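Here, each number is a calculation from the coordinates, and none is a lab measurement. For clarity, every value in this text was computed on a predicted model and none was experimentally measured. Counting neighbours? That spans all protein chains shown, and the Cβs are built from the backbone with ideal geometry, glycine included.
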Ligand SMILES: [Zn+2]
C-alpha cells in the first residue's frame, strides 16, 4: 500500500537535498527574498522524487487523464515521474516559442478534445503554467487540472484550472532591493538558478 505523503516531512527533505534554500536571493521579479526553491535539487535524486510523484499521481488520478504536460525545463522531470505511475499514459513538454509564449515542438501533438494535466515543479505566479495551458488549448486540448510539487503562489495564480499541490508555503518574505534588510546587512546576493 502506498504511504501517505506528509508535507512537513516533504519540506524537511527539500531542505536536506538543497531544494529549499535560505540566504539572500534575487527573484525573477527583481525582488529579493531570504528563501528560494530550487526543485532541480530534488529531481536530481530519483529515489527522493519518487514519493512526491507517487503522491501527486494519486491526487491527480480522479481527473481520469492519461496525458501529462510539463513546461520545459522545470516541469519535465516531475511531469514524466507522474506519468510513470499511470499505465498507458504519455508525457509531453512545451518549450519557449521565442515570442514570450510556449509551444509544442519535436512532433508532440494534442488530439482535439484531449484532456491533459499540466505538471510543474514549483508554482509562484503560474506564468509558465498559463503559457502551457494556452498552448494546450490552441492545440485543441483541455486542461483538467494543474499539479505542482510546491505551491508558493499566495493567491497570485494566472490560470483558472484547479491546482493540486503537495506542499504549500505561504508568507515567504520578499522586498524591493531598496527596502531589503539583507542588502542593508551586506549579505551577498545570489541567483541560485544561474
Ligand atoms: Zn537584498
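Helix 46-60 and the longest principal axis of the C-alpha atoms of the chain enclose an angle of approximately 60°. Sorted ascending by nearby beta carbons within 10 Å, beginning with the fewest, 4, 11 become 4, 11. Counted over the stretch 43-102 with a bin width of 10 Å, the fraction of Cα pairs per bin, in whole percents, is 23, 50, 23, 5. Centroid-to-centroid, using Cα positions, the stretch 165-191 and the stretch 43-101 are 29 Å apart. Annotation: the residues 114, 176, 120, sorted from fewest to most other C-beta atoms within 10 Å of their own C-beta, follow the order 176, 114, 120. Within the chain, DSSP assigns beta bridges of which about 30% are antiparallel (rounded to the nearest 5). Highest mobility in the GNM of the chain, judged by mean-square fluctuation with C-alpha springs under 10 Å and restricted to 182, 13, 157, is found for 182.
Each residue in 96, 193 was given a count of other beta-carbon atoms within 10 angstrom of its own, and listing them fewest first yields 193, 96.
Summary value for the stretch 45-171: 24 percent relative contact order, contacts being C-alpha pairs under 8 angstrom separated by 6+ residues. For the pair the stretch 1-32 / the stretch 120-134, the C-alpha centres are spaced 18 Å from each other. Between helix 7-17 and the chain there is an angle of about 70 degrees, using the helix long axis and the longest principal axis of the Cα atoms.
Across 76, 110, 172, mean-square fluctuation computed from a Gaussian network of the chain (C-alpha pairs under 10 Å connected) peaks at 172. Each helix, a run of at least 4 DSSP H residues, gives -39500 (n - 2.57); summed and divided by the residues of the chain, these come to -8000 deg cm²/dmol at 222 nm.
Note on the stretch 114-194: the alpha carbon radius of gyration divided by the globular reference 2.2 N^0.38 Å gives 1.38. Pairwise over distinct Cα atoms, reciprocal of the mean inverse distance: report the Kirkwood radius of the stretch 1-92 in Å, one decimal place. Here the Kirkwood hydrodynamic radius works out to 14.4 Å.
Between the helical axis of 127-138 and the longest alpha-carbon principal axis of the chain there is an angle of about 20 degrees. Our Cα-only numbers for the stretch 45-171 put the radius of gyration and Dmax at 13.3, 41 Å.
With springs connecting C-alpha atoms under 10 Å apart, model the chain as a Gaussian network and identify which of 74, 155, 126 has the largest mean-square fluctuation. Top of the fluctuation ranking is 155.
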